[in-house]
Amino acid sequence: MQAGTIPPVTFTGFGKGATAFYDELAADNSRDWWLAHKARYEDEVRRPMEELLEDVAGEFGEAKLFRPNRDTRFSTDKSPYKTNIAAVIFQKGGGSVYLSLAADGLHVGGGGYHLDRPQLARYRDAVADDVTGPRLERIAADLRAAKADIASHGELKRAPKGFTPDHPRIDLLRKDGIIGIWNHGAKAWLHTPAARAKIVAGWRRLQPLNDWMAAHVGPATEHR
């Protein structure tokens with residue numbers, strides 16, 4: 001390193017009060033409380049998250065960090081602030097990796113969460129196919145074996161149009177996408193560099209799912 005060069009900032013863990021911040025925000029989700037405690041948010045939550053995302057950008061790409069303010073225009077819940085901090089990295093093939101920190105701890109996930117209509121059609125065709133569908137079943141089974149939950153943005157109660165209720169992969173067909181996600185809880189390692197390793201390990205474990213998405217679903221083409 002040349003003399004006078006500023007060393008890169010690296011992630012050392014979320015602040016020790018990060019989860020407590022969101023616990024307290026849930027109890028008083030008001031502008032007055034937020035302004036009084038904004039420095040805590042910046043120091044213990046947002047700054048570590050930005051450092052983490054910068055650290056992993058070389059492997060996973062540039063992240064979208066969600067803003068803390070809620071969009072209340074079409075909601076009966078007018079509380080102004082989100083009770084978590086979250087970021088997503090969209091992959092070119094249509095998959096993603098995701099991260100959220102809230103009062104109940106760390107959530108690490110990824111896959112195809114909110115598919116547009118062309119993506120959803122391709123997803124269901126691939127699930128129904130007798131080669132690509134079983135491959136997705138095996139990927140989902142591997143993720144469950146690694147203690148991930150398999151979920152989706154939404155799920156039909158009945159078989160989607162064009163598919164029969166007795167299809168061998170009807171559970172996957174009723175989903176409008178597929179993600180794997182871990183809820184790690186509010187563990188002590190959240191406040192250490194070990195949190196980065198846990199997040200990266202989860203995102204790497206999701207790569208077969210994102211590879212399947214890239215091969216058979218592809219990126220979104222409609223505005224969501």
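The values are calculated or read from the model by the stated rules, or taken from the named source; none is laboratory data. Keep in mind it's a predicted model, so treat the numbers as computed, not measured. Positions of Cβ are backbone-derived with ideal geometry, glycine not excepted, and every protein chain shown enters the neighbour counts. Each accessible area value is taken on the protein alone, full model and side chains, heavy atoms only, with ligands, DNA and RNA left out. Shrake-Rupley method; radii C 1.70, N 1.55, O 1.52, S 1.80 Å.
Consider the stretch 160-176 and keep the residues that are in a helix (DSSP H, G or I) and either of a type outside the set (A, V, I, L, M, F, W, C) or without any contact (Cβ under 8 Å) to a residue 24 or more places away in the chain (or both). The one that is least open to solvent (accessible area, probe 1.4 Å) is ILE170. Hey, could you check the stretch 62-82 for residues that are touching a Leu at 6+ places or on another chain (Cβ under 7 Å) and open to solvent by 20 Å² or more (accessible area, probe 1.4 Å) and say which is nearest to ALA201 (Cα to Cα)? Ranking the qualifying residues of the stretch 62-82, first place goes to ALA63.
Could you say whether any residue in the stretch 121-138 is at pLDDT below 95 and not aromatic (Phe, Trp, Tyr)? Among the residues of the stretch 121-138, not one is at pLDDT below 95 and not aromatic (Phe, Trp, Tyr), which makes the answer no. Scanning the stretch 179-205 for residues that are of a type outside the set (Val, Ile, Thr) and outside any helix (DSSP H, G or I), we see that the one that is least open to solvent (accessible area, probe 1.4 Å) is GLY180. Residue count for the stretch 83-124 satisfying the condition of being surrounded by fewer than 19 Cβ atoms within 10 Å (Cβ to Cβ), among the small types (Gly, Ala, Ser), in contact with a Phe, Trp or Tyr (Cβ under 6 Å, 6 or more places away or on another chain) and under 18 Å from ASP55 (Cβ atoms): 1. For the stretch 143-159, state whether one or more residues are in contact (Cβ under 8 Å) with a residue 12 or more places away in the chain, over 22 Å from the mean Cα position of the chain (by Cα) and open to solvent by less than 50 Å² (accessible area, probe 1.4 Å). So far as the stretch 143-159 goes, yes, one or more of its residues are in contact (Cβ under 8 Å) with a residue 12 or more places away in the chain, over 22 Å from the mean Cα position of the chain (by Cα) and open to solvent by less than 50 Å² (accessible area, probe 1.4 Å). The number of residues in the stretch 82-121 being in a loop (DSSP other than H, G, I, E, B), in contact (Cβ under 8 Å) with a residue 60 or more places away in the chain and either under 13 Å from ASN210 (Cβ atoms) or in contact with a Lys or Arg (Cβ under 7 Å, 6 or more places away or on another chain) (or both) comes to 8.
In this structure, ARG47 does not qualify as more than 17 Å from LYS198 (Cα to Cα), touching a helix residue (DSSP H, G or I) at 6+ places or on another chain (Cβ under 8 Å) and in a helix (DSSP H, G or I). Each residue in the stretch 206-224 was checked for being of a type in the set (A, V, I, L, M) and open to solvent by 50 Å² or more (accessible area, probe 1.4 Å), and 2 pass. Within the stretch 170-224, the set of residues being closer than 24 Å to LEU106 by Cα and among the small types (Gly, Ala, Ser) comprises GLY177, GLY180, GLY185, ALA186, ALA188, ALA194, ALA195, ALA197, ALA201, GLY202. Looking across the stretch 45-61, the residues that are open to solvent by 40 Å² or more (accessible area, probe 1.4 Å), touching a residue at least 12 places away in the same chain (Cβ under 8 Å) and closer than 16 Å to GLY15 by Cβ come down to ARG46, GLU50.
Just one of (1) within 19 Å of GLY105 (Cβ to Cβ); (2) of a type in the set (Gly, Ala, Ser); (3) under 18 Å from the mean Cα position of the chain (by Cα) fails for ALA26. It is (3). With respect to being out of contact with any Phe, Trp or Tyr (no Cβ under 9 Å at 6 or more places or on another chain), over 17 Å from ASN183 (Cβ atoms) and not in a loop (DSSP other than H, G, I, E, B), ASP142 fits the description.
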